[in-house]
Amino acid sequence: MLYYKNSRTHFPFFFYLCSMISVCMATFNGEKYIREQVYSILSQLDFNDELIVSDDGSTDSTLQVLADFNDPRIKVFDGPKCGLTYNFENAIRQASGDYLFLSDQDDVWEDNKIERMTEVLQEADLVVSDAWICDEKAISTGRSLYDVYKPHKGFWATLYHTTYIGCCTAFRRKILKRLLPFPPHIVMHDYWIGQIGDLYYKTVFIPDKLLRYRRHGDNTSALTTGKSPLTLCQKINYRYWIVRYVLTRWLRS
C-alpha cells in the first residue's frame, strides 16, 4: 500500500516538479518500532521522493517489515557493518534528493516535519529542529531536547559540545561536497555534520518540535541525560581528529 501526501503544496509549482526529498535511515534490528516510524515518514513523501534505508545486518524482521510496505519509494541497501556512523554515511551516499533528512529507526515524525524543515531550507543550508522526549510508547514526557541542552552554533563551541542532533537534521545536497567521505575516528555522524555545517555553510536551529524522540533500553545515544559515555582521554582524542580532518578538508578545498 502506498502512502502519499503532497507536503509542499504551498511552494511554487516549479519547486514541486523539480525538488526531491531523500530520507536517510540507518537500521539494525529495529523491528519493534520501525513500522510506526516508516508510516510517519511515507505519509509526508510525494511520489518522486525516497526513503533510503541502510541496514547493517539485521537478524530480526526489520527487512521483512520494510518489504511488507511494498512501496517503491523505500530503497534498501546493505550497510557497511562498521557501526551507526558509517551506516548513516552509506545511506547518505545512496540518496538522490535535493534535500536530505536523517532518520532514526525508532522515532515518530510529526506530520509537518518535512514541510516545515524544507521551508527553512529555502534560506539555509542545514536546519536542526527541537523534538519531544518520549517514553518507549512514543508518549511525550513534557520535555524537549532543547530543555536538556541549549542549541548553539560556532565551530569551537560545537567542538567543545555539539548540539547538532542527527535525527533532527536536514540539509541541502550542496553540503555533500565537503561532508563526504566521512573520515575515520569520528564517534558520531551528527558531530561531524555539525562541524562541517558550522565551518562552511549557513545553519539554523528552529524551536519547532518536529518529532517524538523515543527513549528505550536499546537507544544508542544519551542525549536526554546530557552525559557522554566517553572518557576524558577519548574526548580529547576525538576532538583532535575532528580538528585535523576539518582543517585538512578546508586546505584542500
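Here is how the numbers come out for the structure above:
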quantity: Top positive-direction residue, dipole computed over region 108-241 with Cβ charges, set Asn237, Ala157, Thr118; calculated: Asn237
quantity: Vicinal HN-Hα couplings computed from phi for region 76-92 (Karplus, 6.51 cos²θ - 1.76 cosθ + 1.60; Hz; Gly/Pro x); calculated: 9, 10, 6, x, x, 6, 10, x, 4, 4, 7, 5, 5, 4, 4, 4, 4
quantity: Assigned charges on the beta-carbon of Lys, Arg, Asp, Glu; the chain dipole about Cα centre (debye); calculated: 1100
quantity: Rounded to 5, percent antiparallel among DSSP beta bridges of the chain; calculated: 30
quantity: Estimated FRET transfer efficiency when R0 is 25 angstrom, pair Trp241-Glu123 (beta carbons, to 0.05); calculated: 0.20
quantity: Relative packing of 172-178, 196-202, which averages over residues the other C-beta atoms within 10 Å, highest first; calculated: 196-202, 172-178
quantity: The chain: calculated mean residue ellipticity at 222 nm from DSSP helix runs of at least 4, using -39500 (n - 2.57); calculated: -9500 deg cm²/dmol
quantity: Under 5 Å, built H, 5+ apart or other chain: amide partners of Val108; calculated: Arg212, Arg214
quantity: FRET efficiency, 1/(1 + (r/R0)^6) with R0 35 Å, evaluated for Leu251 and Glu36 via beta carbons; calculated: 0.20
quantity: Full-stretch length increase - Ile139, His152 - with 0.36 nm per residue and alpha-carbon distance subtracted; calculated: 2.0 nm
quantity: Lys/Arg +1, Asp/Glu -1 at C-beta; the chain dipole; positive extreme among Ile133, Asn87, Leu199; calculated: Leu199
quantity: Label-point gap, in nm, between Ala67 and Asp111 - each point 7 angstrom along Cα→Cβ; calculated: 3.2
quantity: Percent accessible area from carbon and sulfur atoms, region 83-205, protein chains only, probe 1.4 Å; calculated: 50
quantity: Across Lys113/Lys150; Lys32/Lys153; Lys81/Lys137; Lys75/Lys209, pairs whose alpha-carbon gap is larger than 30 Å; calculated: Lys32/Lys153
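The values are calculated or read from the model by the stated rules, or taken from the named source; none is laboratory data. Every value quoted in this text rests on a predicted model; they were computed, and no experiment measured them. Glycine gets a Cβ as well: all are built from the backbone with ideal geometry, and neighbour counts include every protein chain shown. Calculation scope for accessible area: heavy atoms of the full protein, side chains included, ligands and nucleic acids excluded. Shrake-Rupley method; radii C 1.70, N 1.55, O 1.52, S 1.80 Å.
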